[in-house]
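Participant: Sending over a structure as structure tokens; questions will come in a sec.
The values are calculated or read from the model by the stated rules, or taken from the named source; none is laboratory data. Just so it is clear, the structure is predicted and the values come from calculations on it, not from any experiment. Because the Cβ atoms are built from the backbone with ideal geometry, glycine has one as well, and the counts that use them run over all protein chains shown. Ligands, DNA and RNA are stripped out before the accessible areas are found, and what is left, the full protein with its side chains, is counted by its heavy atoms. Shrake-Rupley method; radii C 1.70, N 1.55, O 1.52, S 1.80 Å.
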Amino acid sequence: MTTYLPTLKQLQYLVALNDAGHFGRAAESCFVTQSTLSAGIRELETLIGVVLVERTRRVVRFTPLGERIVEKARRVLREADELGDLARAAGRPLSGDMRMSVIPTIAPFLLPRILPRLRKDYPDLKLYLREETSGQACEGLHHGRTDCVLLALPYACGDVETAPLFDDRLFVAFRDGEMDPTPTIRPAMIDETRLLMLEDGHCLKDHALSACNRPEMRAEATMMGTSLHTMVQMVDNGLGVTMLPEMAVDAGILDHTDVTARPLEAENAVRRIALVWRRASPREKDFRLLAGVLGEAA
């Protein structure tokens, strides 16, 4: 008796629809037309004899069984990706495609320093970069959308392997005249009602608040910034003070502003930059080699 099995393409369409919640956006992410994606999912439903997706004009809703099959499909697609990873791992080091997520408080400051070195030393490596918050990056890692993540620790990213790269100190940034520009700034010197922080989803906010160890700061701080560059502009306009990582200060984020930055004087006033990947990945040697390159280039 012939058994007909779902194709990887059908499973890819199903997972993309679950992620996007919209046929058009799912089709774009798969680089196919909407009719092609819709037909592929209908073929899958016909093949297994059940409805996976309830379709209306306004809403795409997965059935309970559809949700369960999506989770299975994610694992199948991840395993299929790792078949290719096994073959690449047996070939030349750091070659072929690699998808890396980088959080926004690292990407614009570190990547310009490390990418030229990677292009020069490993020309066969095709590194596809994705900038997203820590939570999104870790979710993408475990769902197989990305292979590794350039992350700031501590952060709970699940069952991963970690290669620490270097420590990145935290600085307090303030407009000239706002604070006494002492060599370092103690948490007690910060007016919590003037503290501007990145909005939820950015781990730098948690690192900074944890280092200050002042519970009232978490309640009083204004969570409004979408990027560090935006935060600096708000500080430069006299709206308050903020926290910056050392790599951003070294990269010149304060150039052409009247903003000064001083190291935060606290016990845990540092975040650890690390490369993380799924535990038991067949490309572990590649990731450890990449971590070494990143650490040296930084």
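Participant: Cut-off 10 angstrom, C-alpha nodes, Gaussian network model of the chain. Which of LYS285, LYS205, LYS120 fluctuates the most?
Facilitator: LYS120
Participant: Something else: Non-local amide H neighbours of VAL270 (under 5 Å, H modeled in plane, Pro and chain starts lacking H): which ones?
Facilitator: Hits under the 5 Å cutoff: LEU170.
Participant: Give the accessible area for LEU151 in Å² (nearest 10); use a 1.4 Å probe, count only protein heavy atoms, and leave out ligands, DNA and RNA.
Facilitator: 0 Å²
Participant: How much accessible surface area, in Å² rounded to 10, belongs to the heavy atoms of THR56 with a 1.4 Å probe?
Facilitator: 80 Å²
Participant: Would you grab the residues whose amide H sits under 5 Å from the one on ASP97? Only those 5+ places off in sequence or on another chain, please, with H modelled 1.01 Å from N.
Facilitator: So ASP97 has HN proximity to LYS126.
Participant: Okay, moving on. List the lysines whose alpha-carbon lies under 24 Å from that of LYS72, not counting same-chain residues fewer than 8 positions away?
Facilitator: Those lysines meeting the cut-off are LYS9.
Participant: Antiparallel as a % of all DSSP beta bridges within the range 42-190, to the nearest 5? Don't jump to the answer; show the numbers that get you there.
Facilitator: On the way: 3 of 13 bridges.
Looking only at bridges with both residues in the range 42-190, the antiparallel portion is about 25 percent.
Participant: Does anyone have the angle between helix 8-20 and the longest principal axis of the chain? Alpha-carbon axes, 0 to 90°, nearest 10?
Facilitator: 40 degrees
Participant: From the backbone phi of the range 158-164, what are the Karplus-calculated ³J(HN,Hα) couplings (6.51 cos²θ - 1.76 cosθ + 1.60, θ = phi - 60°) in whole Hz, Gly and Pro given as x?
Facilitator: Listing the rounded values in order: x, 7, 10, 9, 10, 10, x Hz.
Participant: Name the residue, out of PHE23, PHE174, PHE109, whose mean-square fluctuation peaks in a Gaussian network model built on the chain with Cα pairs under 10 Å.
Facilitator: Among PHE23, PHE174, PHE109, the largest mean-square fluctuation in the Gaussian network model of the chain belongs to PHE23.
Participant: Still on this structure, please answer the following. Quick one: length gained pulling VAL50 to THR33 fully straight, 0.36 nm per residue minus the C-alpha distance? Mind showing how you got there, number by number?
Facilitator: On the way: separation 17, 0.36 × 17 = 6.12 nm, distance 2.37 nm.
Difference between extended and current length: 3.7 nm.
Participant: Counting Lys and Arg as +1 and Asp and Glu as -1, each charge on the Cβ, what is the dipole of the chain about the Cα centre in debye, to the nearest 20?
Facilitator: Details: 37 positive and 42 negative charges, 258 e Å.
The calculated dipole for the chain is roughly 1240 debye.
Participant: Taking loop as defined by DSSP and a crowding limit of 11 other beta carbons within 10 Å, which GluC sites (Glu not before Pro) in the range 222-298 fit?
Facilitator: Sites meeting the loop and neighbour criteria: GLU267.
Participant: Can you give the charge dipole size of the range 155-298 about its Cα centre, rounded to the nearest 20 debye, using +1 on the beta carbon of Lys and Arg and -1 on the beta carbon of Asp and Glu?
Facilitator: 520 debye
Participant: Taking each pair of different alpha-carbon atoms in the range 1-54 once, compute 1/r for the pair, average those values, and report the inverse of that mean as the Kirkwood hydrodynamic radius in Å to one decimal.
Facilitator: Final number for the Kirkwood radius of the range 1-54 is 11.2 Å.
Participant: Along the range 30-39, what does the Karplus equation 6.51 cos²θ - 1.76 cosθ + 1.60 (θ = phi - 60°) give for ³J(HN,Hα), rounded to whole Hz, x for Gly and Pro?
Facilitator: Values per residue, Gly and Pro as x: 9, 6, 10, 6, 5, 5, 5, 5, 4, 5 Hz.
Participant: Compute the relative contact order of the range 56-205 as a whole-number percentage, counting only Cα pairs closer than 8 Å that sit 6 or more residues apart in sequence.
Facilitator: 24 percent.
Participant: Same structure, new question: Unpartnered cysteines of the chain (Cβ-Cβ under 4.7 Å counts as a partner)?
Facilitator: Among the cysteines of the chain, those whose Cβ sits 4.7 Å or more from every other are CYS30, CYS148, CYS203, CYS212.
Participant: Which one of LEU244, LEU111, LEU228 has the biggest mean-square fluctuation once the chain is modelled by GNM with Cα springs under 10 Å?
Facilitator: Judging by the Gaussian network model, the answer is LEU111.
Participant: What relative contact order, as a whole-number percentage, does the chain give when Cα pairs under 8 Å and 6 or more residues apart are counted?
Facilitator: Values: 469 pairs, mean separation 63.8, N = 298.
The normalised contact order for the chain reaches 21 percent.
Participant: Moving on. Determine ³J(HN,Hα), in whole Hz, for all residues of the range 195-212 in sequence, where each value follows from phi through the Karplus function 6.51 cos²θ - 1.76 cosθ + 1.60 and θ = phi - 60°; x replaces Gly and Pro.
Facilitator: Residue by residue, the range 195-212 yields 7, 9, 10, 5, 5, 4, x, 9, 5, 4, 4, 5, 4, 5, 5, 5, 5, 5 Hz.
Participant: Something else about it: Percent antiparallel among DSSP beta bridges with both residues in the chain, to the nearest 5?
Facilitator: On the way: 27 of 43 bridges.
In the chain, DSSP labels about 65 percent of beta bridges as antiparallel.
Participant: Roll a 1.4 angstrom probe over the protein heavy atoms and tell me the percent of accessible area of the range 70-174 that is carbon or sulfur.
Facilitator: Working: 2620 of 4930 Å².
The value for the range 70-174 is 53 percent carbon and sulfur by accessible area.
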